[in-house]
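Reading through the structure tokens given below for one structure.
What follows draws every value from the coordinates through simple rules; no lab data is involved. As the structure is a prediction and not an experimental result, all values here were calculated from the model. When we count neighbours, we look across all protein chains shown, and the Cβ atoms used for this are built from the backbone with ideal geometry, even at glycine.
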Amino acid sequence: MSDNKNSYESPFCTRYASEEMQYIFSADKKFTTWRKLWVALARAEMKLGLPVTEAQVKQLEEHINDIDYEVAEAREKITRHDVMAHVFTYGQACPDAAGIIHLGATSCYVGDNTDVIIMRDALKVVRRKLINVMNNLAKFANEYKSMPCLAYTHLQPAQLTTVGKRATLWLNELLMDFNDLEYRLSTLKLLGSKGTTGTQASFMELFEGDTDKIKQLEKMIAEEMGFDSVVPVSGQTYSRKVDSKVLEVLSDIAQSASKFSNDMRILQSFKEMEEPREKKQIGSSAMAYKRNPMRCERITSLARYVMIDALNPAFTAGTQWFERTLDDSANKRISVAEAFLGVDAILNIMMNVTDGLVVYPEMIRRRVMAELPFMASENIMMDAVKKGGNRQELHDRIMDYSMEAGRQVKEFGKDNNLCELIEADPMFMVTKEEIDAVLKPENYTGRSSQQVDEFLAECINPILEANKDVLGENFEMKN
């Protein structure tokens, strides 16, 4: 809990997001990355023959982390320009190199390149946590692949599936998100050194028109910052569609998480499954017996925020004028950071929930058996036809009995008596023993168990095996 009680603080920082993700979007990460980019620029310019010395580059490297924020803030009050304030501050720490810092660059050289680096690093954290959630759900699906449960369409009992097969539906959507995340990470490019309007005119002046050296400069900077390439063309900034595409991935993860958490909330209401619960966890201040799905409700809540937040960079991308405008800045620094902080929080909770899902087999079977007579009626009818019965007459009789059984359940709160009605009707030529043999839930789950095996083997296990070095992460709820 923060000591700051008299001004607003984001709940992402005080309540939801991890310290790891918060650091990625911190001032320290941002401004040390600026300095690393200035070092990369100076080193490349030195190697390509500009008047930058090895001693100057070395001095810049030695002072990457010792940022005097008070000097930077005081200077920004004078200049009203954050980049130039930090150029000045860096120069104060590196007097021998002060004259070559930011040589030929514009503000977006540090600003935009840093934004791309931060998104890359944040996506890697999201990727790691997503894989751990997928691993938890894969284990759960495998464990419960053969346990019959009710399947629903329109939230009405339809046929049977299995608890594990349902988990593969959650897992498959996360797999889609993982594949999109992989693509986005693999295609993320640095802005490079494009200059004020993207034409690299300042570098043409510095390198006296040597195009090959200008292209080499960008290649060297990209390699030093861990990228394969830079964007092929740009205005002053990289296209804001990049932010939109990245947040699309985060929104997709939020959508999948919300689907999972809403299903879990319903299942907890059915008393079939529950999220994990602390021994002293309070469900309600008034109703001590309640076991509210608080963690899944939080997932739903945060997911809603992220899905809406993802619209911000879409509108920003669509309203950039020509080579750039600055109406992106205030929106961008809030929306991108908070989308990542939100998804970080969501995945933390999902790691916790999926690692401790509680299943109640007897309640699941009880609910199955209450509906199974309706689902088994077609099989009973087919057996009667094989014994010489008339299908249409049998169908009409079952429809009447089904309506009566439903009325007994809904109007009088009695058990489903459809099978008793059928057994008592000589038209069906069936005994209680024969009906009991039909009423086995395992006979109505289709290929659910095999589908789980095939899905895990073909789609999930190769990913888990390739990333086994990051498996085993868990998250303990603190509030």
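Each label point is 7 Å from the Cα along the Cα-to-Cβ direction; what then is the distance between the points at residue 4 and residue 424, in nm?
Once both label points are built, they end up 7.3 nm from each other.
Can you tell me the 0 to 90 degree angle between the C-alpha axis of helix 294-309 and the longest principal axis of the chain, rounded to 10?
Compared with the principal axis, the helix lies near 50 degrees.
Label points 7 Å out from Cα along the Cβ direction at residue 434 and residue 172: separation in nm?
Label-label distance for residue 434 and residue 172, simple model: 3.7 nm.
What are the ³J(HN,Hα) values, in whole Hz, obtained from phi via the Karplus relation 6.51 cos²θ - 1.76 cosθ + 1.60 with θ = phi - 60°, for each residue of region 320-337 in sequence order, with x given for Gly and Pro?
7, 9, 6, 7, 3, 10, 9, 6, 7, 4, 4, 5, 4, 5, 8, 5, 5, 4
Taking amide H positions as placed in the peptide plane 1.01 Å from N, state which residues far from residue 158 in sequence (5 or more) or on other chains have amide H under 5 Å from it.
Under 5 Å from the amide H of residue 158 lie the amide H atoms of 151, 152, 153, each far enough along the sequence or on another chain.
In region 362-429, what trypsin sites (Lys or Arg not before Pro) fall in a loop by DSSP, with at most 16 other Cβ atoms inside 10 Å?
Loop-located and lightly packed - 387, 414.
Could you state the number of Å between the C-alpha centres of region 2-78 and region 126-143?
35 Å
Taking the alpha-carbon centroid of each part, what is the distance from region 356-398 to region 219-281 in angstrom?
The two parts, judged by their Cα centres, are 42 Å apart.
For the chain, what does the helix formula give at 222 nm: sum of -39500 (n - 2.57) over DSSP H segments with n ≥ 4, over the residue count, nearest 500 deg cm²/dmol?
It comes out at -20500 deg cm²/dmol, rounded to the nearest 500.
May I ask you to derive the FRET efficiency for residue 403 and residue 270 from their Cβ-Cβ distance with R0 = 22 Å, giving the value to the nearest 0.05?
E between residue 403 and residue 270, to the nearest 0.05, is 0.35.
Taking residue 124 as the anchor, which lysines have their alpha carbon closer than 18 Å to its alpha carbon, excluding any fewer than eight residues away along the same chain?
29, 30, 189, 245, 468
If you bin the C-alpha pair distances of region 1-153 every 10 Å from 0, what whole percents do you get?
Result returned by the calculation: 9, 27, 26, 17, 10, 6, 5, 1.
For residue 315 and residue 329, compute 0.36 nm times the residue count separating them, minus their Cα-Cα distance, and round to one decimal in nm.
3.8 nm
With charges only on Cβ, +1 for K and R and -1 for D and E, what is the dipole size of the chain about its Cα centre, in debye, rounded to 20?
For this selection, approximately 700 debye.
At a threshold of 8 angstrom on Cα-Cα distance, excluding pairs fewer than six apart, so keeping six or more, what relative contact order does region 398-479 reach in percent?
About 14 percent, as a whole number.
To the nearest 10 degrees, how steeply does helix 361-386 sit against the main Cα axis of the chain, on a 0 to 90 scale?
60 degrees
Going by how many other Cβ atoms sit within 10 Å of their own, how do 260, 455 line up, fewest first?
455, 260
What is the helix-to-structure angle for 27-47, meaning the angle in degrees between its Cα long axis and the longest Cα principal axis of the chain, kept from 0 to 90 and rounded to the nearest 10?
Taking the Cα atoms of the chain, the angle to 27-47 is about 50 degrees.
Rounded to a whole number of µm²/s, how large is the Stokes-Einstein D of the chain at 10 °C and 1.306 mPa s, given Rh as the Kirkwood radius over C-alpha pairs?
Once the numbers are plugged in, D ends up at 59 µm²/s.
Determine the relative contact order of region 363-444: mean sequence separation of Cα pairs under 8 Å and six or more apart, normalised by residue count, in whole percent.
It rounds to 37 percent for region 363-444.
Toward the positive end of the charge dipole of region 70-140, about the Cα centre and with charges on Cβ (Lys, Arg +1; Asp, Glu -1), which of 126, 104, 140 goes farthest?
140
Can you tell me what share of the DSSP beta bridges in the chain is antiparallel? A percent to the nearest 5 is fine.
90 percent
Give me the distance in nm between label points sitting 7 Å out from Cα along the Cα-to-Cβ direction at residue 199 and residue 23, one decimal.
According to this spin-label approximation, the distance is 4.3 nm.
Which whole number in µm²/s is D for region 155-196 by Stokes-Einstein, with the Kirkwood Rh taken over Cα pairs at 25 °C and 0.890 mPa s?
176 µm²/s
Efficiency by 1/(1 + (r/R0)^6): what FRET value for residue 187 and residue 365, r their Cβ-Cβ distance, R0 = 51 Å, to the nearest 0.05?
0.60
Run the numbers on the chain and let me know its relative contact order in percent, using alpha-carbon pairs under 8 Å that are six or more apart.
Here the relative contact order equals 18 percent.
With a Förster radius of 51 Å, plug the Cβ-Cβ distance of residue 259 and residue 96 into 1/(1 + (r/R0)^6) and report the FRET value to the nearest 0.05.
Calculated transfer efficiency: 0.30.
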